[in-house]
Amino acid sequence: MAGIVGYGVYIPLYRIKVEEIARVWGDDPEIISKGLVVQEKSVPAPDEDTATISVEAARYSVKRAMIDPQKIGAVYVGSESHPYAVKPTATIVAEAVGASPNLTAADFEFACKAGTAGMQACMGLVDSGIVEYGLAVGADTAQGAPGDALEYTASAGGAAYIIGHDNTLADFEDTYSFTTDTPDFYRREGKPYPRHGGRFTGEPAYFKHVIAAAKGIFEKLGSEPSDYDHVVFHQPNGKFYLKAAKKLGFSDEQSRTGLLAPFIGNTYSGATPIGLAAILDIAKAGDRILAVSYGSGAGSDAFSIIVNEEIERKRDTVPKVSELIEKKKYVDYALYAKFKGKLRMA
Amino acid sequence: MKDTVRGWRHIPQRYNLIGSKCLECGKVFFPKRIICPECRRKGQLEDIKLRGEGKIYTYSIINTPTDEFKTIAPYVVAIVELDDGAKITTQIVDCNPEDVKIGDEVEMVFRKIREEGDDGVISYGFKFRIKK
């Protein structure tokens with residue numbers, strides 16, 4: 001089966017604290033922060049969007065993979081905030097990493113799991129021998145309406161994965177998906193902000209799909225939680241993540257590294273791929289990782305991955321997730337509103 | 001449409017810093033040139049992908065931008081001397097304008113340059129940030 005040849009992450013420099021958002025809307029910052037297990041979130045600069053974040057992450061992934069970008073035969077960008085409704089982000093990424101023109105490219109959309117759906121598509125193309133390398137990106141500049149609960153978490157960031165057979169740094173053992181028609185969160189065409197079902201996004205949506213996908217891959221592989229060194233789930237907030245880990249029987253130690261929502265918020269399509277990257281940043285050869293994404297609508301993709309010794313040669317070639325998280329600059333709500341285009345200009 | 005076509009022609013230079021190098025005298029140019037101004041007809045130019053690292057040669061802080069750049073003001077526009085040789089004009093992002101200094105080491109990033117209104121084409125390309 002195919003593996004990860006390289007990966008790269010990009011997180012914008014700016015952050016806003018939960019307490020600053022709570023100050024504007026008159027909420028109790030402590031209740032919000034403790035309830036969501038989120039302290040601050042990343043904010044894109046006014047000249048950043050899903051295309052720029054994808055390009056930055058993709059350039060890092062190509063550098064870490066140490067491959068000729070002309071050998072990339074497929075580029076898929078998964079996001080729910082593509083800059084254009086019609087005109088792919090993937091062509092911008094392909095051109096900017098020097099992969100054009102001999103490749104197939106498309107944009108994926110499946111709420112927060114479009115990035116992992118792209119990874120699966122690349123695995124298929126690589127394993128069938130149609131392409132040598134595939135580039136899958138999960139990135140978002142997530143939208144949350146002013147005053148909505150989502151505003152505390154909807155953030156920006158992305159991760160890119162080069163999938164191939166040769167010189168992998170980690171190998172996929174298997175992938176398993178669980179998908180149903182569940183309208184827990186959606187954004188209609190032309191609308192600027194999504195709507196969600198509040199508590200309905202929990203048990204029948206996030207938990208049902210994440211847990212079913214995890215159990216599905218355990219059954220397929222004959223594995224169990226104690227067989228894994230690390231686990232990462234989609235993280236709309238820290239609370240859901242920790243609860244999913246506990247329900248499945250994972251320890252804090254297994255789930256700690258992949259949990260980034262407290263520091264950067266919910267990067268939507270970037271969330272699981274960035275969490276997986278944070279694990280690869282510290283993993284040792286032989287470590288077994290379980291990654292489970294979740295996309296509203298709804299579905300989960302689970303991946304069982306084993307790290308190999310190539311990780312040591314490639315790890316330090318581009319910035320690690322922890323470095324990108326530490327490098328930050330706080331903005332207040334007014335600057336955040338300007339950066340996110342929430343102000344009506346003359 | 002004229003602007004769209006012009007922007008499309010600039011994609012190689014704006015996305016990947018494709019400039020020219022004269023094989024005769026070794027001088028590097030950005031943007032691309034057709035003729036080497038030093039060697040004239042003896043010169044032979046070929047495309048070169050510049051590495052996107054250099055130093056701030058000089059800069060200016062824009063406090064009074066045109067309407068379309070109001071959301072990013074105040075911002076820094078600098079002439080960057082690339083390690084590969086050429087000098088390019090670019091915005092410096094992710095910085096406090098008052099912290100920028102001549103000689104600061106910078107690296108290329110990929111950003112949105114401008115949008116043709118809310119239903120027009122979006123132009124992307126290089127900007128630079130200070131290395132830390």
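For the range B:48-68, how many residues meet the condition of being touching a residue at least 24 places away in the same chain (Cβ under 8 Å) and either away from chain A (no Cβ under 13 Å) or out of contact with any helix residue (DSSP H, G or I) (no Cβ under 8 Å at 6 or more places or on another chain) (or both)? Reasoning before the result, please.
Filtering the range B:48-68 for residues touching a residue at least 24 places away in the same chain (Cβ under 8 Å) gives B:48-59, B:61, B:68.
Those left that are additionally either away from chain A (no Cβ under 13 Å) or out of contact with any helix residue (DSSP H, G or I) (no Cβ under 8 Å at 6 or more places or on another chain) (or both): B:48, B:50-59, B:61, B:68.
Adding up the residues that qualify gives 13.
Pairs needed: first member in the range A:319-339, within 12 Å of another protein chain (Cβ to nearest Cβ); second member anywhere, surrounded by fewer than 13 Cβ atoms within 10 Å (Cβ to Cβ) and at pLDDT below 95; C-beta distance under 8 Å; at least 6 residues apart or different chains.
These pairs meet every condition: A:Lys327/B:Lys132; A:Ala337/A:Leu343.
Across the range B:5-34, which residue is most open to solvent (accessible area, probe 1.4 Å) among those that are aliphatic (A, V, I, L, M) and modelled with pLDDT under 95?
The first filter runs over the range B:5-34 and keeps only residues aliphatic (A, V, I, L, M), leaving B:5, B:11, B:17-18, B:23, B:28, B:34.
Remaining after also requiring modelled with pLDDT under 95: B:5, B:34.
Values: B:Val5: 51, B:Ile34: 161 Å².
Applying the filter and picking the extreme gives B:Ile34.
A:Gly35 - would you say it is surrounded by fewer than 18 Cβ atoms within 10 Å (Cβ to Cβ) and either among the small types (Gly, Ala, Ser) or within 14 Å of chain B (Cβ to nearest Cβ) (or both)? Can you show your working first?
Values: surrounded by fewer than 18 Cβ atoms within 10 Å (Cβ to Cβ): yes; either among the small types (Gly, Ala, Ser) or within 14 Å of chain B (Cβ to nearest Cβ) (or both): yes.
Spelling it out, A:Gly35 is indeed surrounded by fewer than 18 Cβ atoms within 10 Å (Cβ to Cβ) and either among the small types (Gly, Ala, Ser) or within 14 Å of chain B (Cβ to nearest Cβ) (or both).
Filter the range A:91-116 down to residues that are without any contact (Cβ under 8 Å) to a residue 40 or more places away in the chain, among the aliphatic types (A, V, I, L, M), more than 18 Å from B:Lys49 (Cβ to Cβ) and part of a loop (DSSP other than H, G, I, E, B), then give me how many there are.
Counting residues in the range A:91-116 that are without any contact (Cβ under 8 Å) to a residue 40 or more places away in the chain, among the aliphatic types (A, V, I, L, M), more than 18 Å from B:Lys49 (Cβ to Cβ) and part of a loop (DSSP other than H, G, I, E, B) gives 1.
State which residue is nearest to A:Arg59 (Cα to Cα) when the search covers only the range B:1-50 and only residues that are part of a helix (DSSP H, G or I) and charged (D, E, K, R). Talk me through it step by step, then tell me what you get.
As a first pass, look at the range B:1-50 and keep what is part of a helix (DSSP H, G or I): B:2-9, B:11-16.
Filter once more, keeping what is charged (D, E, K, R): B:2-3, B:6, B:9, B:14.
Details: B:Lys2: 30, B:Asp3: 27, B:Arg6: 25, B:Arg9: 22, B:Arg14: 15 Å.
For the range B:1-50, the residue satisfying everything is B:Arg14.
Need a quick list: helices (runs of 4 or more DSSP H) entirely within the range A:164-282 having at least 2 residues that are more than 13 Å from A:Ala302 (Cβ to Cβ).
Helices (runs of 4 or more DSSP H) meeting the threshold: A:238-248, A:252-255, A:261-264, A:271-280.
Every residue in the range B:74-108 that is within 14 Å of chain A (Cβ to nearest Cβ), over 30 Å from B:Pro37 (Cβ atoms) and surrounded by 14 or more Cβ atoms within 10 Å (Cβ to Cβ), please.
B:Tyr75, B:Val93, B:Asp94, B:Cys95, B:Pro97
Hey, can you tell me all the residues within the range A:222-241 that are open to solvent by 20 Å² or more (accessible area, probe 1.4 Å), in contact with a strand residue (DSSP E or B) (Cβ under 9 Å, 6 or more places away or on another chain) and farther than 21 Å from A:Ser304 by Cβ?
A:Pro236, A:Phe240, listed by residue number.
How about the range A:82-102: which of its residues are surrounded by 24 or more Cβ atoms within 10 Å (Cβ to Cβ) and at the interface with chain B (Cβ under 8 Å from one of its Cβ atoms)?
Hits for the range A:82-102 are A:Ile92, A:Ala96.
Evaluate the following for B:Lys2: is it exposed (fewer than 14 other Cβ atoms within 10 Å of the Cβ) and over 18 Å from A:Val55 (Cβ atoms)?
Details: exposed (fewer than 14 other Cβ atoms within 10 Å of the Cβ): yes; over 18 Å from A:Val55 (Cβ atoms): yes.
The answer is yes for B:Lys2.
The values are calculated or read from the model by the stated rules, or taken from the named source; none is laboratory data. All figures in this text were calculated on a predicted structure; none of them were measured in a lab. Cβ atoms come from the backbone with ideal geometry, glycine included; neighbour counts cover every protein chain shown. Accessible surface areas use protein heavy atoms only, side chains included; no ligands, DNA or RNA. Shrake-Rupley method; radii C 1.70, N 1.55, O 1.52, S 1.80 Å.
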